[in-house]
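Shown next, in structure tokens, is the structure this report addresses.
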Amino acid sequence: MTFKISPDLIGTENRKLEQAQDDDYAGLARQLDRRGIDIEAMTRRAMDYAVAIPTWGVGTGGTRFARFPGLGEPRNIHDKLADCGVIQQLCRATPNVSPHIPWDKVADYNALRQEAASYELGFDAVNSNTFQDQSGQKTSYKFGSLTHASKATRDQAIEHNIECIEIGQKLGSTALTVWIADGANFPGQTNLNAAFDRYMDSLKAIYDKLPRNWFVFLEHKLYEPAFYATVISDWGSSFMAAQELGPKAKCLVDLGHHAPNTNIEQIVARLIRAEKLAGFHFNDSKYGDDDLDSGSVDPFRLFLIFNELVDAELRKAKGFAPAYMIDQSHNVTDPIESLMVSAMEIVRSYVQASLVDRAALAAAQDESDVMAGHRLIKQAFNTDVSPILAEARRRKGGAIDPLSLYRTSGYRAAKAGERPVSGVASAGKIGR
Ligand code: AFD
Ligand code: MN
Ligand code: MN
């Protein structure tokens, strides 16, 4: 019998916090009412918002230097589903998981789908992996995959992506996310345009295999592991590829995959306008692809991105249906704690952005009243919407205070007993 957090514990712990929660909620309701905002409408928005968890996120990540495994970390996709189930149980904002193939390969995908459903989880976009060699693989990805100079290697990478689509169909997914590590570390290593042309040929072969209701998400990344030139380095390359491929191809924005200080919200606005925004990999960063927890370093940037998203949602922008996912590497925290806090920070940004008085903002912009416009944005960002987030969780059967409840539950200690260290733990991003 594996350890599970009992719904009774959620009830008991919530009861201890109920009075303070009611009090804070009523106070915020009065404040928002003065601003002409109905708190109930905001709570409903918080309840409806969802962000997917990547299966690799519940493993401990690492840096290029070391990985320090955590206690009781997941050994396989079954353990990972259990951990993702806890995040959903307590936070109620993460009903889907995004699998990574081949890390999450199993013999029976229908059974895996059932297993996920037993945790009230479904499957989001499938991630292919051609940035590592797998055992038994015919040719190596050392010098590239979908853009490799050798056709045999490109074909092998194409086949892998097609297999991912097939697996995804069994799991109930409707999207394939393609991130490639392909690029060059030296000037002269590759022909920059020939590599892009090969990417297009490979992607066309994959695109042709997409089922009717499927999308392919193209994930750009500025650098790493290719440090001189990445083939799909930026949203311009990604957009060019998506345009050429057709309506089922869209551009995925991983927040960490840009140069520091890049105006990501503007990229998001442009992609919305072009009906090419696939969705997000949320994380935070200071210097590069740091994969830090969402909202931990620059919550204002996250808010500004959501400001564009809510604007598009409310004006019913054509083709706007972004897929939201977290993509972080947890090196020094318990991944479950990081993912719970991150999910809550993402919903926080969404609700804060929903508070912006859009009519007043448009009027300020029309009148070139700079400070008025800026103040409207800051007023929304500075509003502490924590009571709304807690209320949304409570009404959905989650925890008023997920982090404290998780610690009280003893889940990690129980898993440390159940999941003995084998030395081959299936970990997070770098470790596996
Ligand atoms: C790598 C990439 C990218 C991708 C992830 C999973 O930087 O963020 O989404 O692997 O394939 O970390
Ligand atoms: Mn990513
Ligand atoms: Mn990344």
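In region 120-147, what count of residues is obtained for those that are outside any loop (DSSP other than H, G, I, E, B) and more than 15 Å from ligand 1 (Cβ to nearest atom)?
Qualifying residue count, region 120-147: 2.
What's the number of the only condition in (1) surrounded by fewer than 18 Cβ atoms within 10 Å (Cβ to Cβ); (2) within 16 Å of ligand 2 (Cβ to nearest atom); (3) within 19 Å of residue 248 (Cα to Cα) that residue 218 fails to meet?
Failed condition: (1).
Can you name every residue in region 45-92 that is in contact with a helix residue (DSSP H, G or I) (Cβ under 8 Å, 6 or more places away or on another chain) and among the basic types (Lys, Arg)?
Those that are in contact with a helix residue (DSSP H, G or I) (Cβ under 8 Å, 6 or more places away or on another chain) and among the basic types (Lys, Arg): 45, 80, 92.
Hey, can you tell me all the residues within region 373-386 that are in a helix (DSSP H, G or I) and either among the hydrophobic types (A, V, I, L, M, F, W, C) or in contact with a helix residue (DSSP H, G or I) (Cβ under 7 Å, 6 or more places away or on another chain) (or both)?
373, 376, 377, 380, 381
Looking at (1) surrounded by fewer than 22 Cβ atoms within 10 Å (Cβ to Cβ); (2) at pLDDT 95 or above, can you tell me which one residue 432 breaks?
Only one criterion in (1) surrounded by fewer than 22 Cβ atoms within 10 Å (Cβ to Cβ); (2) at pLDDT 95 or above is unmet by residue 432, namely (2).
Got a sec? Which helices (runs of 4 or more DSSP H) wholly within region 1-91 have at least 2 residues that are touching a residue at least 24 places away in the same chain (Cβ under 8 Å), surrounded by fewer than 19 Cβ atoms within 10 Å (Cβ to Cβ) and of a type outside the set (Lys, Arg)?
Passing ranges, in order: 7-34.
Consider residue 169 carefully, then state whether it is under 25 Å from residue 110 (Cβ atoms) and away from ligand 3 (no atom under 16 Å from the Cβ).
The answer is yes for residue 169.
Name the single residue that is farthest from residue 11 (Cα to Cα) among those in region 387-421 being assigned to a loop (DSSP other than H, G, I, E, B) and at pLDDT 95 or above.
419
Suppose we keep only residues that are among the β-branched types (Val, Ile, Thr) and in contact with a strand residue (DSSP E or B) (Cβ under 6 Å, 6 or more places away or on another chain) within region 240-297. Which one would you say is nearest to ligand 3 (Cβ to nearest atom)?
Restricting to residues being among the β-branched types (Val, Ile, Thr) and in contact with a strand residue (DSSP E or B) (Cβ under 6 Å, 6 or more places away or on another chain), the top hit is 253.
Would you mind finding the one in 380, 399, 390 that is buried (at least 23 other Cβ atoms within 10 Å of the Cβ), more than 25 Å from residue 252 (Cβ to Cβ) and touching a Lys or Arg at 6+ places or on another chain (Cβ under 7 Å)?
399
Determine which member of the set 195, 152 is part of a helix (DSSP H, G or I), more than 16 Å from ligand 3 (Cβ to nearest atom), buried (at least 21 other Cβ atoms within 10 Å of the Cβ) and not polar (S, T, N, Q).
Residue meeting the stated conditions: 195.
The values are calculated or read from the model by the stated rules, or taken from the named source; none is laboratory data. All values derive from a computational prediction rather than experimental measurement. Note: ideal-geometry Cβ built from the backbone for every residue, glycine included; neighbour counts use all protein chains shown.
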